[in-house]
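A.B. asks: Could you have a look at this structure, given as structure tokens, before my questions?
The values are calculated or read from the model by the stated rules, or taken from the named source; none is laboratory data. Predicted model only: the values in this text are computed from it and were never measured. Heads up, the Cβs are rebuilt from the backbone with ideal geometry, glycines too, and the neighbour counts pull from every protein chain shown. Protein only, heavy atoms only, side chains kept; ligands, DNA and RNA dropped before computing areas. Shrake-Rupley method; radii C 1.70, N 1.55, O 1.52, S 1.80 Å.
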Amino acid sequence: MSAARLETGATEHVAEQAEVVKLDASILRVSELRELRDDIERLMPRAECEWK
Amino acid sequence: MTGVRDPRPGAPGRGPRTHEYLSTLTPELAAFAAKLLPAATTDADDPISLKIAPEWVLDFFGIEDSVVREQTRFASTLLAMHTILQDKRIDGDFDASARSLSDLLSNLLLADSLLIFNEVAGHAVEFRAAVHSALNDLAAGYTAEPVLDAQLAADRDRYMTLVADRWATVKVLVSAVGYRDGRIELIPVLLDALRSLEFAQQLRDDLTDWRDDHARGRKTYVLLQLARLVGRPLGECEPDAIADALYLGGGLEQLIAELQELLRTAVTALAGFPRDAFVAHVRYLTDESQAIVDGATARKAAALAAKA
């Protein structure tokens with residue numbers, strides 16, 4: 001596990017897949033990543049039927 | 001005898017509405033249909049559609065005859081109702097009794113729809129071949145779905161064909177109007193554009209429904225792509241890993257870029273043809289998806305700024 005991953009305490013897949021965040025600035029904690037993730041998910045449109 | 005009346009449009013400019021159609025069915029079938037498709041009981045012009053508006057097709061071919069437009073709209077609605085019932089049946093939503101009624105109603109809807117589309121097509125012999133081809137494509141779509149895998153998802157063109165096959169009833173609509181117009185060489189032009197739009201809409205649905213799809217074990221294009229980002233087979237990916245890949249790992253940006261590229265392709269394919277309503281719909285989808293990306297970018301920037 002890399003130093004960056006150790007520092008974030010993130011699971012391996014989180015650290016790998018959070019490269020956009022990691023590369024752009026300092027490192028976010030797992031709790032912060034989760035909060036950010038949930039925040040972004042709320043942007044998604046509500047699921048609709050395949051018909052209207 | 002069921003007492004079913006001819007469902008074809010009557011007075012020019014205003015064909016029957018679905019609630020009028022339902023009133024021609026036996027009470028049992030009508031009640032079943034109303035329960036499953038409550039929108040069909042309203043007086044709306046176009047209560048049910050499958051996200052491909054018949055108006056786009058009519059406008060593309062420049063069909064202005066109000067009777068033909070009404071016939072096309074109504075036949076499309078019946079075809080959409082048929083498709084919805086089929087999907088519900090495939091999803092196992094019915095018990096044995098409901099399956100029987102569903103089969104009857106579904107067959108009736110398909111038959112009535114095709115009868116009207118056949119009139120739209122001017123009874124062209126070739127239209128029958130187009131219907132056969134569409135239903136064969138639909139069968140191919142049903143057959144292919146269970147064998148989806150990461151390899152197929154990596155081959156987008158093959159995957160797009162599969163999605164187009166699942167939407168193959170659109171070919172009935174486009175072919176009927178194309179044969180009415182006579183410029184049948186334009187049928188594949190429009191179908192090609194719709195193929196891109198259908199896949200873009202599928203991506204949108206897959207993005208919004210991914211949690212439910214994942215819970216149901218569905219192997220959608222979006223889930224298969226996200227599993228590749230996670231680096232594990234989809235069956236071994238927990239929802240948390242998928243969510244991380246999607247919202248934090250660049251999956252969202254990548255998939256929305258793909259969606260927007262498909263939308264651009266669809267609009268470009270119809271350049272030079274009447275397509276205002278089509279373009280308006282595409283613009284809506286583009287703006288909606290861009291707002292998601294912009295929102296995600298802003299939130300990521302804000303989270304990083306808070307740490308700085």
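A.B. asks: Label 7 Å along Cα→Cβ of B:D65; segment B:91-123 residues with amide nitrogen under 13 Å?
C.D. replies: What the label zone holds, given the 13 Å backbone N cut-off, is B:117-123.
A.B. asks: Given C-alpha coordinates of chain B, what is the ratio Rg to Rh with the Kirkwood estimate of Rh?
C.D. replies: Checking Rg against Rh, the ratio lands at 1.01.
A.B. asks: Roll a 1.4 Å probe over the protein heavy atoms and report the accessible area of B:V230 in Å², nearest 10.
C.D. replies: Approximately 10 Å² of B:V230 is accessible to the 1.4 Å probe.
A.B. asks: Stretch B:S97-B:E20 to full length: gain in nm at 0.36 nm per residue minus the Cα-Cα span?
C.D. replies: Answer, rounded to one decimal: 25.2 nm.
A.B. asks: May I pose another question? Can you tally the net charge around B:I242? Count Lys and Arg as +1, Asp and Glu as -1, for every other residue whose Cβ sits under 13 Å from the Cβ of B:I242.
C.D. replies: Summing Lys/Arg as +1 and Asp/Glu as -1 gives -3.
A.B. asks: When only the heavy atoms of the protein chains count and the probe is 1.4 Å, how do B:L114, B:L223 rank by accessible area, highest first?
C.D. replies: B:L114, B:L223
A.B. asks: Can you give me the angle between helix B:156-166 and the longest principal axis of chain B, using Cα atoms only, in degrees from 0 to 90, rounded to the nearest 10?
C.D. replies: Value to nearest ten degrees: 30.
A.B. asks: Quote to one decimal, in nm, the extra length available between B:A305 and B:R264 on full extension: 0.36 nm per residue of separation minus the C-alpha distance between them.
C.D. replies: Residue separation times 0.36 nm, minus the Cα-Cα distance, leaves 11.4 nm.
A.B. asks: Moving to a separate point now. Give me the tail of P(r) for segment B:54-165 as a percent: Cα-Cα pairs with distance above 19 Å.
C.D. replies: So the pairs more than 19 Å apart make up 58 percent of the total in segment B:54-165.
A.B. asks: Efficiency by 1/(1 + (r/R0)^6): what FRET value for B:H123 and A:D38, r their Cβ-Cβ distance, R0 = 45 Å, to the nearest 0.05?
C.D. replies: 0.20
A.B. asks: Run the helix sum for chain B: -39,500 (n - 2.57) per DSSP H stretch of 4+ residues, divided by residue count, reported at 222 nm to the nearest 500 deg cm²/dmol.
C.D. replies: Calculated mean residue ellipticity at 222 nm is -22500 deg cm²/dmol.
A.B. asks: With +1 on each Lys and Arg Cβ and -1 on each Asp and Glu Cβ, how big is the dipole of segment B:160-244 about its Cα centre, in debye rounded to the nearest 20?
C.D. replies: Magnitude of the dipole: close to 280 debye.
A.B. asks: Still on this structure, please answer the following. Could you sort out which of B:K51/B:K219; B:K35/B:K219; B:K51/B:K300 sit more than 25 Å apart by Cα distance in this structure?
C.D. replies: From B:K51/B:K219; B:K35/B:K219; B:K51/B:K300, over 25 Å: B:K35/B:K219; B:K51/B:K300.
A.B. asks: From the protein chains alone at 1.4 Å, what is the descending order of accessible area for B:H214, B:H132, B:H82, largest first?
C.D. replies: Ranking B:H214, B:H132, B:H82 by accessible area, largest first, yields B:H132, B:H214, B:H82.
A.B. asks: Could you give the angle, 0 to 90 degrees to the nearest 10, between helix B:221-230's Cα long axis and the longest principal axis of the Cα atoms of chain B?
C.D. replies: 10
A.B. asks: Also, I was wondering about something else. When the Debye formula is applied to the Cα atoms of segment B:101-217, each taken as the same point scatterer, what base-10 log of I(q)/I(0) results at q = 0.15, 0.17, 0.19 Å⁻¹?
C.D. replies: Result of the Debye calculation: -0.78, -0.95, -1.09.
A.B. asks: So, one more: Defining a contact as two alpha carbons under 8 Å apart and six or more residues distant in sequence, what relative contact order in percent does chain B show?
C.D. replies: It comes to 15 percent, rounded to a whole number.
A.B. asks: What ranking of B:K307, B:K300, B:K51 comes out by heavy-atom accessible area, probe 1.4 Å, highest first?
C.D. replies: From most exposed to least exposed: B:K307, B:K51, B:K300.
A.B. asks: One-quarter of the Cα convex hull surface for segment B:269-308, in nm²?
C.D. replies: 3.4
A.B. asks: Stretch B:A140-B:K35 to full length: gain in nm at 0.36 nm per residue minus the Cα-Cα span?
C.D. replies: Additional length available on full extension: 34.8 nm.
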